[in-house]
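Inspection log for the structure reproduced underneath, given as structure tokens.
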Amino acid sequence: MLNSKAQNALMCALSEKEYTKVHSFKSVKQMWDTLVLTYEGSLEVKRNKLSLLACKYELFEMEENVFIQTMFGRFQTIVNELSFLGRS
């Protein structure tokens, strides 16, 4: 009963494209794991993203003829993505 409620809630929240990826699975766990892998990637992908973002953070510098707001926006995006991946 709980699995079917969770499955129904998940299916209602998905776009048509996402739905086609997971509609044939029997359990919500299979559906969820597939969606997580699709949108967050594997552990190796996360590590690579983290490494790339850390490098961007360390090499970040002000560019000539660019507004400070634009530079701050770029920097804030890097910081937010690092935070999302668990790095502070």
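The values are calculated or read from the model by the stated rules, or taken from the named source; none is laboratory data. Quick caveat, the model's predicted, so the values are computed rather than measured. Cβ sites come from the backbone with ideal geometry, for glycine too, and all protein chains shown count toward neighbours.
For the reader, a short list of remarks on this structure follows.
- Qualifying residues in the stretch 71-88 (those that are over 25 Å from Ala13 (Cβ atoms) and at pLDDT below 95) - the one nearest to the chain's Cα centre (by Cα): Leu82
- Any hit, the stretch 55-70, residues being part of a helix (DSSP H, G or I), at pLDDT 90 or above and surrounded by 13 or more Cβ atoms within 10 Å (Cβ to Cβ): yes
- Residue check: Phe25 meets all listed conditions (1) loosely packed, with under 13 Cβ neighbours inside 10 Å; (2) not in a helix (DSSP H, G or I) but one, namely (1).
- Filtered residue count, the stretch 3-22, keeping only those that are without any contact (Cβ under 8 Å) to a residue 12 or more places away in the chain, loosely packed, with under 13 Cβ neighbours inside 10 Å and in a helix (DSSP H, G or I): 9
- Summed over the stretch 28-54, the residues that are under 26 Å from Gln76 (Cα atoms) and either among the small types (Gly, Ala, Ser) or loosely packed, with under 13 Cβ neighbours inside 10 Å (or both) give a count of 14.
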